[in-house]
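The structure under discussion appears below in the form of structure tokens.
The values are calculated or read from the model by the stated rules, or taken from the named source; none is laboratory data. Predicted model, so just to flag it, every value in this text is computed and none were measured. Heads up, the Cβs are rebuilt from the backbone with ideal geometry, glycines too, and the neighbour counts pull from every protein chain shown. We work out accessible area using only protein heavy atoms, side chains counted, and drop any ligands, DNA or RNA first. Shrake-Rupley method; radii C 1.70, N 1.55, O 1.52, S 1.80 Å.
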Amino acid sequence: MDVVALSIPEVKIIRPKKFGDHRGFFSETYNKKTFEAAGLHYDFVQDNQSLSAEVGTVRGLHFQLPPFAQDKLVRVVRGAILDVAVDIRKGSPTFGQHVSAVISAEEWNQILVPVGFAHGFCTLEPNTEVVYKVTNFYSAAHDRGLLWNDPTLGIEWPIAAGKALLSDKDLKHPRLAELDECF
């Protein structure tokens, strides 16, 4: 397993080994012992999966408040996404900054997004399936979001605002300047 820190070092790209032959491939996408040996100590308690039928589907930017905050390990089993993590930790030297990476089934990479970051993605291919592990259970009462296209964030989404497919909920999230202190 290869682990590479992004420009905000708490967010990491993880590439599991993939063993292939004429039949296909095998990959151990998560192993607690291997993660801990790499200095990644997480206790994942729930797996989630989404299917986005159309290119330009945006999901996010989401997070949960403590005590239900979640670390996320995100991978794509079909298609590709531009994945984005925004630092919303007040007092952090990278507060309000973001990192992004293309996560795809072809690249067989994953992104680790820790607590204190708003997370979202935009699909780059049709019928994209995203699978992610989280370290805390979903809590509707603690579920929050950040406006995906807040201009102060400077995120270069691969889709124009008027072409993005969003949920009604994601259209109504506050901008960073309007966000209450969360972390």
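Note on TYR132: accessible area approximately 60 square angstrom, rounded to 10, probe 1.4 Å, nucleic acids and ligands left out.
Indicate the gyration tensor shape class of the stretch 128-183 (rounded, prolate or oblate), computed on the Cα atoms with a ≥ b ≥ c the square roots of the eigenvalues: a/c under 1.5 is rounded; otherwise a/b larger than b/c is prolate and the rest oblate. Walk me through the intermediate numbers first.
Details: a/c = 1.86, a/b = 1.18, b/c = 1.57.
Oblate, since a/c reaches 1.5 and b/c is not below a/b.
Normalising the average separation of contacting C-alpha pairs (under 8 angstrom, six or more residues apart) by the number of residues puts the relative contact order of the chain at 29 percent. Using the Cβ-Cβ distance between LEU171 and ASP143 with R0 set to 22 Å, the FRET efficiency works out to roughly 0.90.
Per residue of the chain, the DSSP helices (runs of n ≥ 4 H) give a summed -39500 (n - 2.57) that works out to -1000 deg cm²/dmol at 222 nm.
Report the charge-dipole magnitude of the chain in Debye, nearest 20, computed about the Cα centre from +1 at each Lys and Arg Cβ and -1 at each Asp and Glu Cβ. Provide the component values of the computation, followed by the final result.
Details: 19 positive and 23 negative charges, 49 e Å.
The calculated dipole for the chain is roughly 240 debye.
In terms of the Cα gyration tensor, with a ≥ b ≥ c the square roots of its eigenvalues, is the stretch 21-127 rounded because a/c is under 1.5, prolate because a/b exceeds b/c, or oblate?
Here the stretch 21-127 falls in the oblate category.
Protein-only accessible surface at a 1.4 angstrom probe places the residues GLU107, GLU129 in the order GLU107, GLU129, largest first. Candidates THR152, PHE68, PHE35 compared by Cα position along the dipole of the chain: farthest toward the positive end lies PHE35, with charges placed on Cβ. Rounded to 0.05, the FRET efficiency of the LYS18 and GLN46 pair, given R0 = 35 Å and the Cβ-Cβ distance, is 0.90. Would you mind getting the accessible area per residue of the chain, heavy atoms of the protein chains only, 1.4 Å probe, in Å²? The answer is 51 Å² per residue.
Note on GLU125 and LYS32: the model spin-label points, each 7 Å out from Cα along the C-beta direction, lie 3.2 nm apart.
Placing +1 on the Cβ of every Lys and Arg and -1 on the Cβ of every Asp and Glu, with no other charges, gives the stretch 95-183 a dipole of roughly 140 debye about its Cα centre.
At 1.4 Å probe size, what's the solvent-accessible area of GLU125? Round to the nearest 10 Å². GLU125 has an accessible surface of roughly 80 Å² with all protein chains in place.
Can you put CYS122, CYS182 in order of accessible area, largest first, using a 1.4 Å probe?
Descending accessible area places them as CYS182, CYS122.
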